[in-house]
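Right, one structure below, let's go through it.
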Amino acid sequence: MIKRGLTKRAGLAIMLLLQTGAAMAANGSTNGSACVLPALTPTPKPYGASEREPRRALRSTVFTLAISWAPQYCATGEGMGGTFDPSLQCDTRANRFGFILHGLWPDGDGRTWPQYCKPAGLLRPATIRANLCLTPSADLLQHEWAKHGTCAWPTPEHYFADARAAFEKLRLPDMAPMIGRETLTNGDFIDAVVAANPAIPRDAIRIAANREGWFQEMRICLNARRRYISCPERADRPNRSLRIRPIG
């Protein structure tokens, strides 16, 4: 009787642990973020080539992994070409976002790059939902597939799987010591990324910040096999001052 009772309780405990793990995975509770999916999956706007952003079906062997700092966009509402959606990303009652996946981009020689290579239909709700906790905007997901994914991947699912794998391979730096630090520079931030990821060359990392020096995102250069490589364009100024907003 004792063994049977213990076995039953152990089984219940294991089941609860598995359910908790599944719930955390479904809600994207990884990389210091917490995400609760909305009851209804948002419908994105369509995106495609235009006179301002024409179709360019070019071959590329260099890629950029763009990883944004959500608190900056929530504080200012700036960036991401009109695809910024505060309803999920900035709802601090249920969510807590730090780094989010902006996208995986086929690149060119610095002056031009492939974009909007093929027409892109609206993403399926299941595809949006599966990626919404890494990229918390249905419009941004649609935009990334239309502008970048159509140039190197056969389906949205292949594109987002590759982007997720590249993001999850990266060990994100500890932001706590850098938030609020008055003497922080681009070089200090790159040092933190390289310390967490010794396989990444320093010149594989680029920093995007606004005019006031607030950190917006980091961009990491990859080859076609998703290995870290030196970026083809000129390096950032390592001594440029950098400021980082806190989460929530």
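The values are calculated or read from the model by the stated rules, or taken from the named source; none is laboratory data. The structure presented is a predicted model; accordingly, all values stated were derived computationally and were not measured. Neighbour counts are summed over all protein chains in view; Cβ atoms, including those assigned to glycine, are modelled from backbone coordinates with ideal geometry.
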Only one of R219, R211 is of a type outside the set (S, T, Y) and free of Cβ contacts under 8 Å to residues at least 12 places away in the same chain. Can you tell me which? R211
Select, from F99, F84, the only residue that is modelled with pLDDT of 95 or more and assigned by TED's automatic domain parsing to the domain that holds R211. F99
So which helices (runs of 4 or more DSSP H) are wholly in region 66-176 and hold at least 2 residues that are farther than 14 Å from Y47 by Cβ? 70-76, 86-89, 125-131, 156-169
If I go through region 106-135 residue by residue, how many of them are over 14 Å from R59 (Cβ atoms), crowded, with 20+ Cβ neighbours inside 10 Å and either modelled with pLDDT under 95 or aromatic (F, W, Y) (or both)? 1
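Let's see how each residue does on (1) farther than 25 Å from R245 by Cα; (2) buried (at least 22 other Cβ atoms within 10 Å of the Cβ):
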residue	(1), (2)
E157	yes, no
D162	yes, no
F167	no, yes
D174	no, no
T183	no, no
I200	no, no
Just to be sure, is I179 surrounded by fewer than 17 Cβ atoms within 10 Å (Cβ to Cβ), farther than 25 Å from A224 by Cβ and β-branched (V, I, T)? yes
